[in-house]
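One structure below.
The values are calculated or read from the model by the stated rules, or taken from the named source; none is laboratory data. Remember, predicted model here, so these are calculated numbers, not experimental data. FYI the Cβ positions are ideal-geometry reconstructions off the backbone, even for glycines, and counts take in every protein chain you see.
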Amino acid sequence: MKNIWLFCCFTSLIFSQNQYPKDYFRSPLDIPLQLSGNFGELRPNHFHSGFDFKTQQKEGFNIYAAADGYVSRIKIAVNGYGKAIYITHPNGFTTVYGHLQSGSGPVENRIKTEQYKAKSYEIDTYLPANDLVVKKGELIALSGNTGGSDGPHLHFEIRDTASEKVINPMYFGFDAFFPDTKRPMLSNLFVYPLGANSVVNQSQRPLAVSISQQTDGSYIAEKVSVNGKIGFGITAFDYDDVSWNGNGVFKVQTFKNGKLDFQYQFDTFSFDETRYVNALIDYGRYKKTGQRVQQLFAEKPYPLSIIQSGNQNGVIEVSSNITQNYKIEIADFSQNITRVFIPIEFSPMQVKVNEEPVTSKYWVKAEKESIFALENVTVTIPANAFLKDFKMDFEVKNGIAYLHDDVEPAFANLAITFEDSLATASERKKMFIGTIDGKKTYYNYTKSYKNSFTVYTKYLGTYKLFKDSMPPKIKSDKRIGGQWISQQKSLVFTVSDDLSGIKTWEGFLNGKWILLEYEPKTKKLFHHFDDGIVAEGKNDLKIVITDNVGNSTIFETQFFRSQKL
């Protein structure tokens with residue numbers, strides 16, 4: 001591997017911790033703080049990079065600058081953090097405020113100015129120092145639910161300005177808002193046979209291990225009988241005294257015969273490494289069941305800086321009649337600890353449950369490039385896209401490519417290419433490779449050259465070459481054609497596309513470009529009249545919606561409005 005292996009051999013595993021200012025940042029909200037998500041929490045394809053503050057299931061709460069500084073970046077997108085503001089502070093840190101409903105005062109004015117300058121709802125603008133200065137406690141925005149948010153809340157981060165690494169806000173004194181007297185909760189314990197000949201409790205497949213809670217809050221597991229190599233995994237959550245919902249744990253450590261063996265702790269990390277959450281968890285089990293088991297071992301090293309390990313990377317080899325004692329400690333930031341004691345014994349037992357049979361003839365060798373071709377489909381897998389070798393199912397049937405199940409995590413792009421020599425030149429312009437997931441189809445950005453179509457993706461799964469010739473749909477939520485709408489504060493439309501999805505949208509009032517905000521979750525497109533573009537009396541409106549393969553719909557109408565009421 002070209003990646004530098006960041007696991008460290010050590011005699012004493014102690015994370016070095018920087019000293020962070022405890023009273024520099026204030027709360028960005030003026031309501032009691034509760035967490036719906038904490039730092040490092042396990043999320044799809046990433047670790048959570050900050051705090052999610054609850055906003056009582058409502059939008060529109062005041063958001064305040066956490067400290068003096070200047071707005072250094074404004075990013076508005078239909079996904080990700082939605083409407084987000086970045087404030088750079090003189091002490092070397094940057095705070096981030098995401099999923100906003102809108103900015104406030106000078107910040108909102110600047111957002112609108114930049115959007116109208118770019119003639120785009122989506123912008124990513126960097127501002128120079130001292131251009132848009134804010135003071136600690138100054139109102140900068142209103143909370144919302146924009147972007148990839150599942151409900152109203154404020155996403156809040158603290159980053160090192162120079163490195164852009166995210167840092168756990170608890171280190172900056174936010175732990176004072178979350179009194180915590182509760183130990184983390186252990187839900188499940190799993191044991192994994194590792195290697196072709198390893199056996200655990202007469203099984204070559206991963207097993208759940210029974211645990212019993214003791215009066216002191218610790219757990220004792222049933223005895224694990226082993227021949228070969230094994231590793232353990234857990235599902236665990238943490239509860240503080242005010243948030244009333246489970247969040248991620250702060251630190252996990254394992255001890256083998258009293259010696260620290262493997263640990264990870266959510267202090268800080270970079271965005272470049274966050275996809276390795278799929279290596280930390282049992283990715284296959286997660287994709288099949290939705291359960292995230294945190295694996296306390298690494299069969300093959302991977303570059304995740306939060307982890308430190310001994311020489312065996314958490315793998316336990318049992319090959320003699322010596323009983324081993326194994327302990328897991330799960331801690332929260334307040335140092336409440338849950339302990340699990342696991343007795344391990346050697347046993348040359350017979351296998352009753354064999355490992356799952358794999359019949360596929362396609363071998364993926366992790367350290368080598370692999371190229372597979374069937375009918376009109378070619379799959380190219382670069383070296384080190386996967387962490388381990390595996391047999392891959394690959395079939396093409398009725399124009400659909402079945403490329404294994406999405407149970408092996410990829411960390412580099414695979415190339416999937418379809419050939420189609422029958423489509424005309426005009427038809428090829430409307431074609432794309434889509435992912436099929438159940439009854440849903442998802443668009444993938446597709447590159448085409450002559451008769452070939454290629455998508456680059458980090459997901460195994462089911463793919464098909466689609467042709468989308470249907471334009472998007474748009475409908476006004478209220479009748480406006482020929483109407484006086486002086487009482488309305490905005491124009492609202494419902495937009496949709498049946499296959500490739502909405503890509504761009506543009507609106508014009510009396511020939512002037514207007515800002516249309518798009519919310520994919522509700523399929524709503526709206527324009528606020530307080531932007532000041534609407535004319536007194538008659539107004540001609542034109543909206544152009546385009547999907548991802550270039551099909552367009554033009555909506556035109558005329559309405560009347562008076563601003564003098």
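Key figures
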| read-out | value |
| --- | --- |
| Members of the stretch 218-249 found to be farther than 17 Å from residue 187 by Cα, not hydrophobic (A, V, I, L, M, F, W, C) and not in a strand (DSSP E or B), listed by number | 223, 241, 243 |
| Of all residues making up the stretch 184-193, the number that are in contact (Cβ under 8 Å) with a residue 60 or more places away in the chain and buried (at least 19 other Cβ atoms within 10 Å of the Cβ) | 6 |
| Subset tally (residues that are under 28 Å from residue 433 (Cβ atoms) and not β-branched (Val, Ile, Thr)) for the stretch 543-559 | 5 |
| Flag if residue 78 is assigned to a strand (DSSP E or B), among the β-branched types (Val, Ile, Thr) and not assigned by TED's automatic domain parsing to the domain that holds residue 331 | no |
| Test: residue in the stretch 335-350 that is surrounded by 14 or more Cβ atoms within 10 Å (Cβ to Cβ), in contact with a strand residue (DSSP E or B) (Cβ under 6 Å, 6 or more places away or on another chain) and within 23 Å of residue 284 (Cα to Cα) | no |
| Condition check for residue 491: of a type in the set (A, V, I, L, M), on the phi < 0 side of the Ramachandran plot, without any contact (Cβ under 8 Å) to a residue 24 or more places away in the chain and not assigned by TED's automatic domain parsing to the domain that holds residue 272 | no |
| Filter result for the condition that a residue is touching a helix residue (DSSP H, G or I) at 6+ places or on another chain (Cβ under 6 Å), modelled with pLDDT of 95 or more and either outside any loop (DSSP other than H, G, I, E, B) or within 21 Å of residue 34 (Cα to Cα) (or both), over 72, 102, 49 | 102 |
| Selected residue (only one of 459, 463 is crowded, with 17+ Cβ neighbours inside 10 Å and either part of a loop (DSSP other than H, G, I, E, B) or at pLDDT below 95 (or both)) | 459 |
| Only listed residue being on the phi < 0 side of the Ramachandran plot and in a strand (DSSP E or B), chosen from 373, 366 | 373 |
| Subset of the stretch 132-167 [farther than 22 Å from residue 31 by Cβ and either surrounded by 15 or more Cβ atoms within 10 Å (Cβ to Cβ) or in contact with a strand residue (DSSP E or B) (Cβ under 6 Å, 6 or more places away or on another chain) (or both)] | 132, 133, 148, 159, 160, 161, 165, 166, 167 |
| Residue check for residue 342: outside any loop (DSSP other than H, G, I, E, B), at pLDDT 95 or above, in contact with a Ser or Thr (Cβ under 8 Å, 6 or more places away or on another chain) and among the β-branched types (Val, Ile, Thr) | no |
| Output for the stretch 406-444, where each listed residue is over 24 Å from residue 390 (Cα atoms), touching a Gly at 6+ places or on another chain (Cβ under 6 Å) and of a type outside the set (Phe, Trp, Tyr) | 441 |
| Members of the stretch 189-216 found to be under 33 Å from the mean Cα position of the chain (by Cα) and either under 14 Å from residue 338 (Cα atoms) or in a loop (DSSP other than H, G, I, E, B) (or both), listed by number | 189, 204, 205, 206, 209, 210, 211 |
| Test: residue in the stretch 391-405 that is touching a Gly at 6+ places or on another chain (Cβ under 8 Å), surrounded by 15 or more Cβ atoms within 10 Å (Cβ to Cβ) and not in a loop (DSSP other than H, G, I, E, B) | yes |
| Unique residue being on the phi < 0 side of the Ramachandran plot, free of Cβ contacts under 8 Å to residues at least 60 places away in the same chain and acidic (Asp, Glu) when the list is 240, 261, 180 | 261 |
| Given (1) among the hydrophobic types (A, V, I, L, M, F, W, C); (2) over 24 Å from the mean Cα position of the chain (by Cα); (3) buried (at least 17 other Cβ atoms within 10 Å of the Cβ), number of the condition residue 129 does not satisfy | (3) |
| Test: residue in the stretch 292-308 that is of a type in the set (Lys, Arg), under 18 Å from the mean Cα position of the chain (by Cα) and crowded, with 20+ Cβ neighbours inside 10 Å | yes |
| Some residue of the stretch 268-289 being closer than 20 Å to residue 223 by Cα, in a strand (DSSP E or B), out of contact with any helix residue (DSSP H, G or I) (no Cβ under 6 Å at 6 or more places or on another chain) and touching a residue at least 24 places away in the same chain (Cβ under 8 Å) | no |
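Residue-wise test of (1) in contact with a Leu (Cβ under 6 Å, 6 or more places away or on another chain); (2) of a type in the set (S, T, N, Q).
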| residue | (1), (2) |
| --- | --- |
| 489 | no, no |
| 505 | yes, no |
| 510 | no, yes |
| 516 | yes, no |
